[in-house]
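The values are calculated or read from the model by the stated rules, or taken from the named source; none is laboratory data. Quick caveat: nothing in here was measured; it's all calculated off a predicted structure. Note: ideal-geometry Cβ built from the backbone for every residue, glycine included; neighbour counts use all protein chains shown. Remember, those area values only see protein heavy atoms, side chains included, never the ligands or the DNA or RNA. Shrake-Rupley method; radii C 1.70, N 1.55, O 1.52, S 1.80 Å.
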Amino acid sequence: MNICVIGAGYVGLTTAAVLSDCGHYVDCVDIDSKRIAVLKKGIVPIFEPGLKEIIDKSIQNNFLTFSTKVKEKIAENPIIFITVGTPSLEDGSPNLSYVKSVVDDIAASITSHKTIIVKSTVPPGTNEEIHNMLLEKNVDPSLFDIVSNPEFLREGTAVKDMLEPDKIVIGIKRPEPLQVMQKIYKQVHAPYIVTSLTGAEMIKYASNAFLATKISFINEIARICDAYGVNVSDVSLGLGTDPRIGPLFLRAGLGYGGSCFPKDLQGLTYSAKKKNIHPELITSVQNVNDTQIDVYFKKLKSAIPDLNGKQITVWGLSFKPDTDDIRYSASIRLIDKLLEEGANIHAYDPIVKLDKPNIICHSNVYESVKQSDVLIIATEWKEFKGIDWLKVKEEMNGNIVLDGRNIIDPRTVKYVGFHYLGVGQL
Ligand code: NAD
Ligand code: UGA
């Protein structure tokens, strides 16, 4: 099939790569000319395990091209995926201007039938709005179908998640485009959930809200565990064995980050309020997340009250391991707080090198702790699990370690002389 993917970000590039790997001819377009120029040189501008390999293969086999000619490629392809960003605006509502600009481009270039598949996460009612926008722009209704096909991939495992999803959600206005979707996803084996356009949008928002709820729940439990001297990891284990609860997304830490949970919970709250519904649980989930860093910052300050002039090393800058994405990263928010207190920040991340004043980024994990008073683990990169703690202790000036993701064994670090602080962990 001939497909145009609009947007070459985390979702767009993964969609283009996976669909071309499945044997479709894919034109991936973006208005960011720098990004496209880099992609044309065979460089993948994001760090996503396994992505470069399939992009290289698809380019070589002539199944994948990159271009900035958005309108031209829309005109050439019958299937259009919209994967542009929907970041939060000041008031918490998602910025739909990128999606709307694509709709304008489609209206301007449509001469034959298009199946327009919206993968970007959008608030309930947006796909209906897109449909109406095209009609208002005098596009003949027989020339297009809108499909809401939200994406559930996670950064760090994007390729695998798209090839082996646990479901494919399809929102449609009439049955015909379902067959087109089944043809596109022929090689992807997963149950279909077919609903209305708005139903699909709600499934996406509700999924992210529920996952975020699990995280804030366990983070709140971690705070109570701290007060009662209980290990939250024991509680997660006990909770997770109940099949009604499940073991995933019960890892306590410094809170969730990334470009999606914070934005989508804000978006859902905004959508609810628009209809005079005050989402109390979802608001609390966000409050717990927003204050999680403060709670563990306070715990750190109980061990070292004056941070002014202290050297602090932060391990992990991305919002989660296996990605270079630092959008709404708990690590960056924590660093900003430490800088406000006058601390000198040294950082190490296996992939991210921050270009930020007052932060010294190292390319070696042991170098990064030299002379430091405090070490904070903010992101659970695999590398941090195999650390020689004796060596770290010898390099450091001080002996405080705050494990913001509960990945190290407290007994090991205590044994070599560290004062250990965890998140609901003794
Ligand atoms: P991103 O910021 O990485 O990429 C968006 C791309 O769209 C950018 O390269 C930008 O230049 C391009 N773009 C913007 N306007 C354009 C236009 N008019 N024409 C062509 N290109 C244009 O965003 P992302 O992280 O890939 O997220 C995209 C959408 O997918 C969002 O709605 C997000 O909520 C959703 N989503 C993201 C993830 C994820 O893990 N990142 C997972 C599921 C869903
Ligand atoms: C999340 C969802 O998991 C995806 O299904 C969804 O498609 C995506 O958002 C989206 O809509 O963009 P992602 O943000 O890439 O994916 O990463 P997650 O693995 O969900 O982690 C999000 C945040 O939660 C990270 O900061 C992570 O550290 C934190 N987290 C996760 C915890 O603190 N505890 C956990 O147990 C799990």
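Some observations on this one:
- Coil-residue trypsin sites (Lys or Arg not before Pro) of the range 317-368, DSSP, other Cβ within 10 Å capped at 14: 353
- This model, with +1 at the C-beta of Lys and Arg and -1 at the C-beta of Asp and Glu, gives the chain a dipole about its Cα centre of some 220 debye.
- When a 1.4 Å probe is rolled over the protein heavy atoms, the share of accessible surface on the chain that falls to carbon and sulfur comes to 53 percent.
- Cα centroid of the range 351-411 to Cα centroid of the range 26-87, whole Å: 36
- Gyration tensor (alpha-carbon) shape descriptor, the range 282-417, a/c threshold 1.5: rounded
- Accessible area (Å², 1.4 Å probe, nearest 10) - residue 302: 90
- Accessible surface comparison of 325, 105, probe 1.4 Å, protein chains only, largest first: the order is 105, 325.
- The range 310-380: C-alpha gyration tensor shape, a/c 1.5 cut-off, then a/b vs b/c: oblate
- Cα lying deepest toward the dipole's positive end in the chain, options 364, 417, 159, charges on Cβ: 159
- Looking at the range 231-309, the trypsin sites (Lys or Arg not before Pro) that sit in a DSSP loop and have at most 12 other Cβ atoms within 10 Å of their own Cβ are 244, 275.
- Between the Cα long axis of helix 51-60 and the first principal axis of the chain there is an angle of about 30°, rounded to the nearest 10.
- Positive dipole terminus of the chain, leading residue within 292, 197, 351 (C-beta point charges): 197
- GNM flexibility winner over the chain from 219, 138, 344 (Cα, springs under 10 Å): 138
- When the chain is described by a simple charge dipole with +1 on each Lys and Arg Cβ and -1 on each Asp and Glu Cβ, the residue from 19, 270, 46 located farthest towards its positive end is 19.
- Charged-residue dipole, Cβ positions (Lys, Arg, Asp, Glu), the range 2-195 about Cα centre, Debye nearest 20: 440
- Cβ-placed point charges (K, R +1; D, E -1), dipole of the range 260-416 about Cα centre in debye, nearest 20: 420
- Counting only alpha carbon atoms, the long axis of helix 10-21 and the longest principal axis of the chain meet at about 60°.
- In terms of accessible area, using a 1.4 Å probe and ignoring ligands and nucleic acids, 90, 129 rank largest first as 90, 129.
- Cα shape, the range 184-282, gyration tensor, a/c 1.5 rule: oblate
- Per-residue ellipticity at 222 nm from helix content only, as computed over the chain with -39500 (n - 2.57) for each DSSP H run of at least four residues, stands at -13000 deg cm²/dmol.
- Of the whole protein surface, residue 202 contributes about 80 Å² of accessible area at a 1.4 Å probe radius.
- The range 138-287, accessible area per residue, ligands and nucleic acids excluded (1.4 Å, Å²): 51
- Among the listed pairs 186/320; 52/353; 73/114, those beyond 23 Å (Cα-Cα): 186/320
- Helix axis angle, 261-274 relative to the chain longest principal axis, alpha carbon, degrees: 60
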